[in-house]
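This report refers to the structure that appears directly beneath it.
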Amino acid sequence: MAQDNIQSTLHEERQFPPSADFVRSANLAATTLEHLYTDAAQDNQEFWAKQARNEIDWQTDFTTTLDSSNAPFYSWFVGGKLNVSYNCIDRQLAENADKTAIIFEGEPGDVEHISYRELHRRVCVFANALKAQGITKGDRVIIYMPMIAEAVIAMQACARIGAIHSVVFGGFSASSLKDRIEDTQAKLVITADGGNRGGKIIELKKTTDNALEKGCDSVDTVIVFERTGHAISMQADRDIWWSDAEQDQSTECEPEWVEASHPLFLLYTSGSTGKPKGIQHSTGGYLLNAITTMRWVFDIQATDTFWCTADVGWITGHTYVAYGPLATGSTIVIYEGVPTVPDAGRFWDICQRLGVTIFYTAPTAIRALMKIGDELPNQYDLSKLRLLGTVGEPINPEAWMWYHNVIGKQKCPIVDTWWQTETGAHMIAPIPGAMATKPGSCTRALPGIDAAIVNQEGEEITQANEGGYLVIRQPWPSMIQTVWGDDQRYKDTYWPYFDGKYYLAGDSARRDEDGYFWIMGRIDDVLNVSGHRLGTMEIESALVAHPSVAEAAVVGKPHDIKGESIFSYVVLKGDRPEGGIDDELTQELRAWVGEQIGAIAKPDEIRYADNLPKTRSGKIMRRLLRTIAKGDEITQDTSTLENESIIPQLQGKA
């Protein structure tokens with residue numbers, strides 16, 4: 001677990017306290033927040049028990065707040081029974097039945113408003129349709145959908161009957177979909193004929209068919225929603241249209257009351273080695289932190305229109321589209337397409353027309369829109385915005401300031417949130433009415449979250465601005481339960497050091513003089529491309545699977561828009577192309593990786609060499625490859641290299 005000392009090069013002095021107007025109406029004032037911190041520090045379990053009983057409607061109360069007897073397999077709210085769909089929808093009906101739950105806007109411009117009463121009806125009907133296809137509690141269901149209201153309805157319907165859903169991002173390839181179907185042993189796939197994205201139809205049904213042709217014997221049924229209306233093939237003994245599946249189904253469906261630890265969903269995330277990991281989340285603990293972070297970090301209020309731009313194929317779309325907002329009775333916006341159709345003003349046009357008050361997006365999108373300039377967003381009335389958020393990766397101060405000045409008009413607090421697929425909900429984030437923010441910092445850990453920075457011996461680093469490993473030292477309700485079907489991988493990946501006592505986040509970080517956290521980057525070889533975590537091993541494996549490739553190494557290269565771009569070094573089975581460049585082969589390899597994994601994983605650059613830089617023990621010197629990719633001067637010791645003469649090739653100089 002050796003690592004070099006981490007030096008911080010970012011020095012940010014600016015601070016932005018919330019306005020007096022924001023503080024007056026905020027859910028949490030500074031004094032209330034400090035009381036929460038104190039209560040959590042005095043008795044962490046009692047703190048979470050109180051939150052759970054205040055925020056969740058339990059069918060059966062829990063008897064034990066936390067069972068740590070089989071650590072690191074922690075069980076929260078033991079003995080308790082609940083249903084997530086009930087907590088998101090049914091309990092809103094008494095007072096908010098006619099309140100808008102979802103405003104959906106398709107990329108072509110179609111708009112639909114769905115009330116909580118209507119959402120309840122549609123979720124119940126589809127839940128009954130799933131039951132009619134033989135789906136029961138504990139069965140796995142794959143959801144491979146466009147970003148439409150029906151994707152959330154499908155998730156809620158699964159939760160309603162106790163089925164375990166696994167949402168697969170609609171941009172993933174047939175091979176990626178197949179891997180996830182086979183790992184979950186799903187009985188049913190929910191998809192659509194296609195989706196609208198970037199002015200094109202994404203062929204979801206065709207990709208599903210391709211995945212199922214390669215195996216996936218567990219799948220009995222494919223339910224297909226008609227979104228685009230273009231011609232597709234339907235297999236008579238397997239495929240059924242969504243509308244036909246719902247035919248004659250009841251509009252009432254009694255919730256399946258499940259144990260707090262019952263898996264709500266599996267969501268696959270890339271690892272630094274091997275196949276993607278099925279992150280397993282519970283029902284009770286996950287729901288609790290989805291709710292508390294909506295109240296604390298987003299300051300959600302009855303009059304808000306909340307828009308998280310994330311796709312439900314990622315954890316952000318689970319927690320802050322499908323579950324957290326609805327469980328707090330909020331109105332959410334769902335948008336199907338990209339921010340540049342018909343032009344780069346689409347996000348701001350939606351904010352203006354739909355009256356968005358809270359806007360939550362990725363630094364990648366902010367940087368892309370920032371590059372277009374101020375003129376376009378300034379054409380729109382963004383005065384209803386009162387809170388802005390960022391997610392997916394650390395935001396650089398320049399983009400933060402543009403977001404603050406141009407989009408927020410210097411009046412909206414920005415909540416820069418640090419969390420992961422594995423944490424389930426925000427871990428470190430500002431409380432907007434109770435603390436000043438700093439461009440580029442995610443500020444403080446939330447109440448009840450024991451985040452720390454430690455050295456490689458597990459000792460806390462208390463000196464300001466000295467970097468180390470970011471860890472969480474106490475279990476928290478929305479934490480990962482295990483890796484689906486692989487408990488050992490869960491232990492090895494997330495609890496490998498410090499005697500298994502601390503959750504290892506995989507990020508390096510520092511704390512400044514005010515105790516604010518600053519995320520400094522990954523400590524493993526997972527790339528963060530446009531807010532998507534991609535394992536280098538997966539991309540390398542895809543490259544090596546090409547018949548022309550003998551070996552490959554992938555690193556991240558800083559990118560103004562995407563955060564990181566994918567830089568690949570390739571050793572061919574034949575001769576190296578002259579000058580290390582072969583445009584035709586490069587395009588072929590990029591397309592190959594797109595077919596194997598998905599378009600998001602296509603290498604941005606490929607450089608060819610006779611060999612990869614390896615130590616005499618055979619270990620690839622990835623740190624050297626990262627240095628070369630960035631174009632930096634090589635300062636590290638290369639004397640252990642097996643063949644130093646390849647360095648000019650790797651640099652593109654030979």
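Derivation of every value follows stated rules applied to the coordinates shown; laboratory data play no part. What you see is a predicted model; the values in this text were computed from it and never measured. Here Cβ is always computed from backbone atoms with ideal geometry, including for glycine, and neighbour counts include all displayed protein chains.
Taking 0.36 nm per residue of sequence separation and subtracting the Cα-Cα distance, how much length would be gained by fully extending the chain between residue 492 and residue 30, in nm to one decimal?
Details: separation 462, 0.36 × 462 = 166.32 nm, distance 3.91 nm.
Answer, rounded to one decimal: 162.4 nm.
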Whole-Å semi-axes of the ellipsoid equivalent to the range 225-291 (Cα gyration tensor, √5λ, descending): 31, 23, 11
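How would you rank 427, 479, going from fewest to most other Cβ atoms within 10 Å of each one's own Cβ? Can you show the working numbers first?
Numbers: 427 28, 479 23.
Arranged by neighbour count, lowest to highest, 427, 479 become 479, 427.
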Scaled radius of gyration (Cα, divided by 2.2 N^0.38 Å) that the range 526-650 gives: 1.01
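Quick check on packing: order 359-368, 229-238 by the mean number of other C-beta atoms within 10 Å, highest mean leading.
Details: 359-368: 22.7, 229-238: 10.2.
So the order, starting with the most tightly packed, is 359-368, 229-238.
Kindly give the semi-axes, whole Å and largest first, of the ellipsoid equivalent to the range 447-606, taking each as the square root of 5 times a Cα gyration tensor eigenvalue.
Values: eigenvalues 267, 69, 37 Å².
Listed largest to smallest, the semi-axes of the range 447-606 are 37, 19, 14 Å.
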Likely footprinting exposure, 269, 191, fewest C-beta neighbours within 10 Å first: 269, 191
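What order do you get for 372-385, 131-144, 324-337 when each peptide is scored by the mean count of other beta carbon atoms within 10 Å, highest first?
Order by mean packing, descending: 324-337, 131-144, 372-385.
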Number of Lys pairs (Cα under 28 Å; 8 or more positions apart or on different chains) in the range 93-259: 20
Separation between Cα centres of the range 369-406 and the range 79-150, rounded to whole Å: 31 Å
Base-10 log of normalised Debye intensity for the range 42-99 (one unit scatterer per alpha-carbon) at q = 0.22, 0.26 Å⁻¹: -0.90, -1.07
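Write down, largest first, the equivalent ellipsoid semi-axes of the chain in whole Å, where each equals the square root of 5 times an eigenvalue of the alpha-carbon gyration tensor.
Details: eigenvalues 268, 194, 131 Å².
One finds semi-axes of 37, 31, 26 Å for the chain.
Which FRET efficiency value, to the nearest 0.05, is calculated for residue 64 and residue 121 with the Förster distance at 41 angstrom and r the Cβ-Cβ distance?
Details: r = 37 Å, r/R0 = 0.89.
E between residue 64 and residue 121, to the nearest 0.05, is 0.65.
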Burial ordering of 68, 175, fewest other beta-carbon atoms within 10 Å first: 68, 175
DSSP bridge pairs, the range 93-259: antiparallel proportion in percent, nearest 5: 35 percent
Extension gain from residue 375 to residue 200, taking 0.36 nm per residue of separation minus the Cα-Cα distance: 60.3 nm
Sites residue 514 and residue 235, calculated FRET efficiency, Cβ-Cβ separation with R0 51 Å, nearest 0.05: 0.25
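Give the calculated FRET efficiency between residue 91 and residue 644 to the nearest 0.05, with a Förster radius of 45 Å applied to their Cβ-Cβ distance. Walk me through the numbers on the way to the answer.
Details: r = 67 Å, r/R0 = 1.48.
The formula returns an efficiency of 0.10 here.
Taking the DSSP beta bridges in the range 526-650 as the whole, what percent of them are antiparallel, to the nearest 5? Kindly include the intermediate steps, with their values, before the conclusion.
On the way: 16 of 20 bridges.
Rounded to the nearest five, the antiparallel share is 80 percent.
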Compactness relative to 2.2 N^0.38 Å, alpha carbon Rg of the range 194-322: 1.33
Computed [θ] at 222 nm, helices only, for the chain once each DSSP H run of length n ≥ 4 contributes -39500 (n - 2.57): -8000 deg cm²/dmol
Beta bridges by DSSP in the chain, antiparallel share as percent, to the nearest 5: 60 percent
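Roughly speaking, what is the stretch gain from residue 39 to residue 584, that is 0.36 nm per residue apart minus the C-alpha to C-alpha distance, in nm to one decimal?
Between residue 39 and residue 584, full extension yields an extra 190.0 nm.
How fast does the range 93-259 diffuse by Stokes-Einstein, in µm²/s, taking the Kirkwood radius from C-alpha pairs at 4 °C and 1.567 mPa s? Before the final figure, lay out each step's value.
Numbers: Rh = 16.3 Å.
In µm²/s, the coefficient is 80.
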